[in-house]
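Below is one structure, written out as structure tokens, with a few remarks after it.
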Ligand SMILES: [Zn+2]
């Protein structure tokens with residue numbers, strides 16, 4: 001699942017390729033927009049909002065997209081071969097005289113009135129990489145449901161927008177709390193640091209090709225994806241278990257030594273889990 005920094009990079013690339021230029025190609029490959037045609041309109045800007053992308057075009061229209069798990073926007077010089085996936089995964093093509101943007105596997109693709117953008121993204125909390133960032137409101141949102149596990153509260157885009165599954169695990173590590181700790185049980189001094197810490201991580205990574213929360217080359221993440229390898233800080237074996245809101249479980253990593261709080265007792269490294277169930 002893309003994090004806010006990935007979406008920010010995608011928006012910037014789309015903006016550079018499309019903004020200020022007239023669309024000469026518009027091809028929607030989703031049934032509900034089969035007849036939509038944006039050719040002749042100038043793209044005004046492409047803006048990220050949390051993990052949503054808003055491509056605004058002349059005439060008061062916005063193309064709202066979301067990458068979810070594996071969607072992507074690719075940009076190609078005209079005449080170059082497209083490499084984003086098989087043609088049947090293409091949902092939309094927008095092109096101008098120079099370049100073509102191709103949206104692959106986009107699970108959310110809606111053409112809306114720009115005036116109605118709030119219906120698409122108005123539910124989002126303060127955007128970690130947006131002009132509306134408000135750390136006090138983000139913290140208040142996070143703490144509004146004190147019994148909620150920290151990891152779930154961080155992923156809920158209504159609290160603050162931009163954190164995905166990788167930053168969820170990494171932030172919990174940096175806070176010294178397991179993702180299952182009720183957010184209200186986080187010590188006040190650590191809770192107070194949370195919004196600024198999250199913003200720092202996303203901002204540090206929005207220009208980087210490889211995401212890093214550690215600042216160490218070749219060891220880019222403290223716990224995410226490391227089970228059962230050792231924690232970068234204390235060398236205890238990192239654990240993984242699923243955490244979700246019921247709709248979807250997500251692999252969640254933590255160090256049982258560096259992080260305090262509840263955790264699934266049966267959690268084992270994934271490879272070991274597979275072996276025991278086979
Ligand atoms: Zn550790």
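Of note:
- Note on the range 180-202: residues that are more than 16 Å from residue 143 (Cβ to Cβ) and surrounded by 15 or more Cβ atoms within 10 Å (Cβ to Cβ) amount to 4.
- Filter result for residue 97 (closer than 24 Å to residue 40 by Cβ, touching a residue at least 40 places away in the same chain (Cβ under 8 Å) and in a helix (DSSP H, G or I)): no
- Qualifying residue in the range 101-108 (condition: over 15 Å from residue 158 (Cβ atoms), buried (at least 18 other Cβ atoms within 10 Å of the Cβ) and more than 17 Å from the chain's Cα centre (by Cα)): yes
- Residue 131 being farther than 18 Å from residue 50 by Cβ and without any contact (Cβ under 8 Å) to a residue 12 or more places away in the chain: no
This table checks each residue for (1) modelled with pLDDT of 85 or more; (2) within 16 Å of the ligand (Cβ to nearest atom); (3) outside the structural domain of residue 182 (by TED's automatic domain parsing); (4) exposed (fewer than 14 other Cβ atoms within 10 Å of the Cβ).
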| site | (1), (2), (3), (4) |
| --- | --- |
| 213 | yes, yes, no, no |
| 217 | no, no, no, yes |
| 232 | yes, yes, no, no |
| 242 | yes, no, no, yes |
| 259 | yes, yes, yes, no |
| 264 | yes, no, yes, no |
| 267 | no, yes, yes, no |
| 271 | no, no, yes, yes |
| 278 | no, no, yes, yes |
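- Selection status of residue 170, within 16 Å of the chain's Cα centre (by Cα), assigned to a loop (DSSP other than H, G, I, E, B) and either within 16 Å of the ligand (Cβ to nearest atom) or closer than 17 Å to residue 128 by Cα (or both): no
- Qualifying positions in the range 8-39 - under 26 Å from residue 131 (Cβ atoms) and either part of a strand (DSSP E or B) or not assigned by TED's automatic domain parsing to the domain that holds residue 64 (or both): 19
- Selection status of residue 226, within 16 Å of the ligand (Cβ to nearest atom) and over 21 Å from residue 248 (Cβ atoms): yes
- Which numbered condition residue 180 fails, given (1) assigned to a loop (DSSP other than H, G, I, E, B); (2) within 14 Å of the ligand (Cβ to nearest atom); (3) in contact with a strand residue (DSSP E or B) (Cβ under 8 Å, 6 or more places away or on another chain): (2)
- Exactly one residue out of 79, 125, 130 is touching a helix residue (DSSP H, G or I) at 6+ places or on another chain (Cβ under 7 Å) and assigned to a loop (DSSP other than H, G, I, E, B): that is 125.
The values are calculated or read from the model by the stated rules, or taken from the named source; none is laboratory data. Please read these numbers as outputs of a predicted model, since none were measured by experiment. Positions of Cβ are backbone-derived with ideal geometry, glycine not excepted, and every protein chain shown enters the neighbour counts.
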